[in-house]
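Here is the structure we will look at.
The values are calculated or read from the model by the stated rules, or taken from the named source; none is laboratory data. Source: prediction; values computed, not measured. Counting neighbours? That spans all protein chains shown, and the Cβs are built from the backbone with ideal geometry, glycine included. Note: accessible area is taken over every heavy atom of the protein model, side chains too, but ligands, DNA and RNA are not part of it. Shrake-Rupley method; radii C 1.70, N 1.55, O 1.52, S 1.80 Å.
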Amino acid sequence: MTNIRTTNQAQLFVWSDIDPDHEADFNLWYDREHMEERVRISGFTGARRYRAISGSARRYLALYRASGLADFTTAAYRKAFTKQTQWSVTNFGRMSNTRRRVMHVAQEGGFGWGGALVLIELVPDAMSSDDITPVLAEMMAKDGVLRVHYMTPDETLSTPLPSENLEGRVLAPCIAVDVSSEPIAEATLRQLREQLGGAVREAETFGLMWSLDETDLPQLED
């Protein structure tokens with residue numbers, strides 16, 4: 001289980017905040033429309049939503065898994081991205097401090113999804129891929145760690161949402177660690193901050209709100 005493998009898969013993350021006045025509608029939109037819409041796109045295999053445990057700059061994180069980066073260039077994805085419902089347009093406009101990144105899942109270990117997540121943004125070029133592998137393997141050897149991912153951003157596909165501040169915009173590689181509980185997430189975050197030192201650009205822990213797999217969805221009739 002501690003073996004680290006390379007993959008061709010991709011993962012989109014949207015990390016954002018929302019005004020508390022609109023938070024209920026924002027969550028309902030994700031729950032009743034947006035997650036299903038995205039997972040139904042050909043090539044997408046699942047999605048997960050999280051709420052921040054530590055930090056408050058961006059309280060919500062959505063992760064969308066796809067078979068590869070090419071799934072973000074298809075006609076089906078372009079249609080979903082360019083022809084949003086009015087509910088989507090409204091909520092995208094309400095988001096704040098957003099980061100949208102399409103990432104190549106370059107290395108991965110373990111399987112499944114944990115009840116909590118650690119997300120570490122790294123300083124670009126601070127660590128090589130060879131440096132990352134032993135870090136991931138060490139994480140996988142820890143009790144309560146279920147899955148690790150090392151993701152690198154695709155500059156062309158990571159087009160910003162309107163609510164992202166473009167001044168000083170940085171496309172950073174990330175480490176994500178799925179763990180079984182929030183206390184383990186906090187302990188893992190502390191360990192990674194200490195271990196990675198100045199290579200950490202930003203970090204936060206999250207609790208899982210819910211997940212949706214492509215196999216959960218009923219097939220739509222033509």
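Of these, Gly93, Gly110, Gly43, which one is touching a residue at least 40 places away in the same chain (Cβ under 8 Å) and at positive phi? Among Gly93, Gly110, Gly43, only Gly110 is touching a residue at least 40 places away in the same chain (Cβ under 8 Å) and at positive phi. Looking at segment 157-167, can you tell me whether even one residue there is modelled with pLDDT of 95 or more and either not in a loop (DSSP other than H, G, I, E, B) or not acidic (Asp, Glu) (or both)? Yes, segment 157-167 contains a residue that is modelled with pLDDT of 95 or more and either not in a loop (DSSP other than H, G, I, E, B) or not acidic (Asp, Glu) (or both). Scanning segment 92-117 for residues that are among the hydrophobic types (A, V, I, L, M, F, W, C) and more than 20 Å from Thr156 (Cα to Cα) yields Phe92, Met95, Phe111, Trp113, Ala116, Leu117.
Looking only at residues of segment 107-134 that are in a helix (DSSP H, G or I), of a type outside the set (D, E, K, R) and surrounded by fewer than 20 Cβ atoms within 10 Å (Cβ to Cβ), we find that the one that is farthest from the chain's Cα centre (by Cα) is Pro134. Does segment 70-90 include one or more residues that are at pLDDT below 95 and closer than 30 Å to Gln191 by Cβ? No, because not a single residue in segment 70-90 is at pLDDT below 95 and closer than 30 Å to Gln191 by Cβ. Taking the condition over 18 Å from the mean Cα position of the chain (by Cα) and open to solvent by less than 10 Å² (accessible area, probe 1.4 Å), does Met139 pass? So Met139 fits the description; yes. Count of segment 192-222 residues, restricted to those that are farther than 17 Å from Val123 by Cα and open to solvent by 40 Å² or more (accessible area, probe 1.4 Å), is 13.
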